[in-house]
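Colleague: Before I ask anything, let me first share the structure, which is written out below as structure tokens.
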Amino acid sequence: MNSSIPLLSARSLTKLYGEHVGCQNISLDLWPGEVLGIVGESGSGKSTLLNMLSGRLAPTSGQVVYRSTDCALSRERHATTTQDAPNDNTNATQCREIDLHALSEGERRRLLRTELGYVHQNPRDGLRMRVSAGANIGERLMARGERHYGRLRATALEWLDRVELPRERVDDAPASYSGGMQQRLQIARNLVTSPRLVFMDEPTGGLDVSVQARLLDLIHRLVRDMDLAVILVTHDLAVARLLSHRLMVMYHGHVVEQGLTDQVLDDPHHAYTQLLVSSILQG
Amino acid sequence: MSRTVIEVRDLCKHFVLHQQGGTRIDALDSINFTVRAGECVALYGPSGAGKSTLLKALYGNYLPTSGKIIVHCPQGAVDIASADPRTVSMLRRTCISYVSQFLRVIPRVSTMDIVAEPLLSAGVRAKTAYERASALLARLNLPPRLWNLAPATFSGGEQQRVNIARGFIRPTPILLLDEPTASLDAMNRKVVVELIREACANGCAVVGIFHDDDTREKVATSLVHINERHDAELKSA
């Protein structure tokens, strides 16, 4: 059972900043449709890890392999060709292995616009603040070659609905949106091309509790309905519990514990995880 | 004799509390029992004996220190105690259901969506999922005016019924119940007893903790005694 091939595999990822260890020797596999949470305190290396996994930051050593369905992209960079198990109907196409850190900048950008997504903690880092919401949503589609204005607009309106933003705000620039609305727009902008894997860095950080709850519900539903794989970095264990299937706990650049989310949080073994879990305020 | 669905072999569970001077708690010591299809096994013993710990280990929520928990699912036999997280996840989606004592859900999500979720995750069509959810909520006497509300403001008994509906909506070969009737009135306890008996009649293997003697006597086909010495013996109910 579970014979399908991972979507993303990292092997022995290490990032050193001079003497300082950002991340040390981290390996992981992520399968289609799976949400992996990475938790730990500030400075534990979780953002460094996310940036290496998404190809944005070059590791000191180690490798990140993404299995793409985009053959044009991978033809030049293929490592080995693999065939999915025939009974795996979620991903029946042939996929090729891409070493994310061996891609040129242009190839990496192309991948980030199509099969991958990246949701920043601060929506200002992920949106074009001065162009309309509709143009923000349409950008990835246009990058993929869609030029028909009517279809772009229709898709933008459909996505505003999906992320519960009012249609009449389609022509407004996100600078005029509230923080929660900006974050929902950033999610729409990323998901419009139906990516297979989305990286999320504290997607609900810095939002009011009520806005956060609504956003969690939205992310949860979209992930399920679109069968997205997600790597989610958060320092909030409640967010990790609600969204992620599996959890990795980071401490001083190392993964100290990992497993099924509820198992790690309800039966933590490592001293640091026990400290983390016992420090949650009871609401 | 029906087929064996769950085999617990020499199961031990120790907790080491690193934040409290490395205190070691021996929660379970050499637990052995089997559950066959159609049986309802009640875990029986004093408070603090480790009944909930055992049930949580069966669900893969607690990681055993040693021993085996073999579950015979349609996909084959798997040892939950040593299975990788993805396998445990897959078994939870397809083979093992669990009704916890407390409802833990995303704030603001409606009762209907919470109850239908296990079916939706298993790929059942939305219309079918919501119809089954409605039928189950009605059977558990939860007023329809509550169905589209989030359960955060519900009473304990109402929340428990949402939890039960969520646990029973998708029939699985294994059903784990942690005090499902704790805060229910007599009428709703009766519904839960019927639901458990129906599950057994359909070949489900049930393991439960029932504090209420009346419910336990009505549903349990055998008892696993977990006493203060933390060893278990199987007796006929």
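Colleague: With a Förster radius of 35 Å, plug the Cβ-Cβ distance of A:Ala58 and A:Arg153 into 1/(1 + (r/R0)^6) and report the FRET value to the nearest 0.05. Could the numbers behind the result be given before it?
Modeller: Numbers: r = 39 Å, r/R0 = 1.11.
After rounding, the FRET efficiency stands at 0.35.
Colleague: Ok, one more. Full-extension gain between B:Thr23 and B:Glu198, please, as 0.36 nm times their residue separation minus the C-alpha to C-alpha distance. Working shown, then result.
Modeller: Values: separation 175, 0.36 × 175 = 63.00 nm, distance 4.35 nm.
My answer for the length gained is 58.6 nm.
Colleague: Please state the equivalent ellipsoid semi-axes for region B:103-171: what are the square roots of 5 times the Cα gyration tensor eigenvalues, largest first, in whole Å? Provide the component values of the computation, followed by the final result.
Modeller: Working: eigenvalues 62, 31, 22 Å².
With the √(5λ) rule applied to region B:103-171, the semi-axes are 18, 12, 11 Å.
Colleague: With label points built 7 Å along Cα→Cβ from the Cα atoms of A:Asp172 and B:Thr94, find their separation and express it in nm.
Modeller: 4.7 nm
Colleague: Sticking with this one: Pairs of alpha-carbon atoms within less than 8 angstrom and 6+ residues apart define the contacts here; what relative contact order does chain A have, in percent? Before the final figure, lay out the partial values.
Modeller: On the way: 525 pairs, mean separation 68.7, N = 283.
Worked out over chain A, it gives 24 percent.
Colleague: Also, I was wondering about something else. With labels modelled as points extended 7 Å from the Cα through the Cβ direction, what inter-label distance (nm, one decimal) is found for A:Arg128 paired with B:Ile70?
Modeller: In this crude spin-label approximation the distance works out to 6.2 nm.
Colleague: Residues with beta-carbon under 12 Å from that of A:Gln182, excluding A:Gln182: net charge, scoring Lys, Arg +1 and Asp, Glu -1?
Modeller: Working: positive: A:Arg124, A:Arg128, A:Arg169, A:Arg184, A:Arg189; negative: A:Asp125, A:Asp172.
With Lys, Arg at +1 and Asp, Glu at -1, the neighbours total +3.
Colleague: Within the P(r) computed for the protein assembly as shown, what percentage of the Cα pairs occupies the region above 29 Å? Let's see the in-between values first.
Modeller: Values: 76219 of 134940 pairs.
Everything past 29 Å amounts to 56 percent.
Colleague: At 4 °C and 1.567 mPa s, what whole-number value in µm²/s does Stokes-Einstein give for the translational diffusion of chain B, with Rh from the Kirkwood sum over Cα pairs? It would help to have the intermediate numbers written out before the result.
Modeller: On the way: Rh = 18.3 Å.
Translational D for this selection: 71 µm²/s.
Colleague: Report the full-extension gain for the segment B:His14 to B:Met187: residue separation times 0.36 nm, less the Cα-Cα distance, to one decimal in nm.
Modeller: On the way: separation 173, 0.36 × 173 = 62.28 nm, distance 3.92 nm.
That works out to 58.4 nm of additional length.
Colleague: Another question about this same structure. Give me the aspartates and glutamates in straight-line cross-link reach of B:Lys56: C-alpha distance below 14 Å, same-chain residues under 8 apart excluded.
Modeller: A:Asp262, A:Asp266, A:Asp267, B:Asp178, B:Glu179
Colleague: Excluding residues fewer than 8 places away in the same chain, name every one of the lysines whose C-alpha is closer than 20 Å to that of B:Lys51.
Modeller: Of all the lysines, those that pass the test against B:Lys51 - Cα under 20 Å, at least 8 places apart if same chain - are B:Lys13, B:Lys68, B:Lys218, B:Lys235.
Colleague: Once the other residues with Cβ under 15 Å from the Cβ of B:Val105 are scored (Lys, Arg +1; Asp, Glu -1), what is the net sum?
Modeller: Working: positive: A:Arg214, A:Arg221, A:Arg224, A:Arg241, B:Arg104, B:Arg108, B:Arg161, B:Arg166; negative: A:Asp217, A:Asp262, B:Asp113, B:Glu117, B:Glu158.
My count for the surroundings of B:Val105 gives +3.
Colleague: Report the gain in length on full extension from B:Glu131 to B:Thr221: 0.36 nm times residue separation, minus Cα-Cα distance, nm rounded to one decimal. Don't skip to the end; give the middle numbers.
Modeller: Values: separation 90, 0.36 × 90 = 32.40 nm, distance 3.17 nm.
So the extension gain works out to 29.2 nm.
Colleague: Test of understanding: given chain A, find the longest segment containing no GluC sites (Glu not before Pro) that are in a DSSP loop and have at most 11 other Cβ atoms within 10 Å. Intermediate results must be reported in sequence, preceding the final value.
Modeller: Details: sites that count: A:Glu19, A:Glu76.
Here the longest segment lacking exposed loop sites spans A:77-283.
Colleague: May I pose another question? What Kirkwood radius, in Å to one decimal, follows from the Cα pairs of region A:107-185?
Modeller: On the way: mean 1/r = 0.0775 Å⁻¹.
For region A:107-185, the Kirkwood estimate is 12.9 Å.
Colleague: First measure r as the distance between the Cβ atoms of A:Val209 and B:Arg3, then evaluate 1/(1 + (r/R0)^6) with R0 = 56 Å and state the FRET efficiency to the nearest 0.05.
Modeller: Working: r = 49 Å, r/R0 = 0.88.
The calculated FRET efficiency here is 0.70.
Colleague: Computed from the mean reciprocal separation of all distinct C-alpha pairs, what Kirkwood hydrodynamic radius does chain A have, in Å?
Modeller: On the way: mean 1/r = 0.0509 Å⁻¹.
Evaluated over chain A, this radius sits at 19.6 Å.
Colleague: If you take every DSSP beta bridge whose two residues both sit in the protein assembly as shown, what share of them, in percent to the nearest 5, is antiparallel? List each step's numbers first, then the result.
Modeller: Working: 48 of 82 bridges.
Around 60 percent of the beta bridges assigned by DSSP in the protein assembly as shown are antiparallel ones.
Colleague: Can you give me the pair-distance distribution of region B:21-112, C-alpha pairs, 10 Å bins, whole percents?
Modeller: 13, 41, 33, 12, 1
Read the figures in this text as sums done on the coordinates, not as results from a lab. Computed from a prediction, not measured in an experiment: that's the story for all the values here. Glycine gets a Cβ as well: all are built from the backbone with ideal geometry, and neighbour counts include every protein chain shown.
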